[in-house]
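Below is one structure, written out as structure tokens; comments come after it.
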Amino acid sequence: MATVDQDVTTARTIVAVSERLVLTRPQEGDAEAMFAIHGDPETNRYNPYGPQRDIAQAREQLAGFVADWPRDGVGYCMVSTREEPEVIIGVAGLFLHTLDGEQVFNLYYRFRPSAWGKGYAAEACRAAMAEALPRFPGIPVTALIRADNLPSRRLAERLGLVADPDGRVDHEDRLIHRMA
Ligand SMILES: CC(C)(COP(=O)(O)OP(=O)(O)OC[C@H]1O[C@@H](n2cnc3c(N)ncnc32)[C@H](O)[C@@H]1OP(=O)(O)O)[C@@H](O)C(=O)NCCC(=O)NCCS
């Protein structure tokens, strides 16, 4: 595997650096970037709740993302390109939670439409997993995806997750995918 040059200059707290991307911890000042991503109807086409309505909702979700890190030592990351580390193009990473009584990671990804079709989401997820999974051995990676969200299911499959063979869904009717 090619060695990645880790040299990225940013005031943000770096979690991982990949070939083209830098993953950083979410921080309080990211509300506008969060809203740009989560308030966009395009990025919520398969979300039954629809896009976030206002920046207050983005702030609330962001506060949760920020709090996950000091509590769990892991969480979702803000994703930027290495060329523009202050410009957030997506969110990706792992959240530690309990699913059907089992401690698992939830893999999450949501990117600005302008960042789709470049392999960025896959690259960010791989970097997040490579950074976190060795620190949490034995915790399985899962993803909750609506059956009709084909772009998301394609990405999950590319990353090695497969849909539950019995079609098991969570309480929001999302197919439970799991790292094979
Ligand atoms: C799900 C989502 C992140 C997928 O984004 P994506 O850009 O398609 O995913 P990837 O990073 O895997 O990129 C793959 C695409 O980049 C292309 N690509 C271009 N350059 C590439 C490169 N250097 N390396 C890899 N892929 C590359 C691939 O050909 C592929 O395009 P295709 O789908 O047209 O075949 C995006 O659709 C999204 O944010 N959706 C809204 C949020 C959402 O639904 N999240 C999931 C909730 S469960």
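The values are calculated or read from the model by the stated rules, or taken from the named source; none is laboratory data. As the structure is a prediction and not an experimental result, all values here were calculated from the model. All Cβ positions, glycine included, derive from the backbone under ideal geometry; neighbour counts span all protein chains shown.
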Q | Members of the stretch 64-103 found to be free of Cβ contacts under 8 Å to residues at least 40 places away in the same chain, closer than 18 Å to LEU133 by Cα and within 16 Å of the ligand (Cβ to nearest atom), listed by number | A | PHE95, HIS97
**Q.** Residues of the stretch 51-65 classified as part of a helix (DSSP H, G or I) and charged (D, E, K, R), total
**A.** 2
(Q) So in the stretch 136-180, with the set limited to residues that are within 16 Å of the ligand (Cβ to nearest atom) and of a type in the set (Gly, Ala, Ser), which one is surrounded by the most Cβ atoms within 10 Å (Cβ to Cβ)? (A) ALA156
Q. Could you say which residue among VAL4, VAL74 is at pLDDT below 95 and surrounded by 12 or more Cβ atoms within 10 Å (Cβ to Cβ)?
A. VAL4
(Q) Residues to consider are ASP30, ASP68; find the one that is buried (at least 18 other Cβ atoms within 10 Å of the Cβ), modelled with pLDDT of 95 or more, under 14 Å from the mean Cα position of the chain (by Cα) and of a type in the set (D, E, K, R). (A) ASP68
Q. Would you say PRO48 is part of a loop (DSSP other than H, G, I, E, B), of a type outside the set (A, V, I, L, M) and surrounded by 15 or more Cβ atoms within 10 Å (Cβ to Cβ)?
A. no
Q) Residues in the stretch 116-135 that are more than 17 Å from LEU161 (Cβ to Cβ), within 8 Å of the ligand (Cβ to nearest atom) and crowded, with 18+ Cβ neighbours inside 10 Å: how many? A) 1
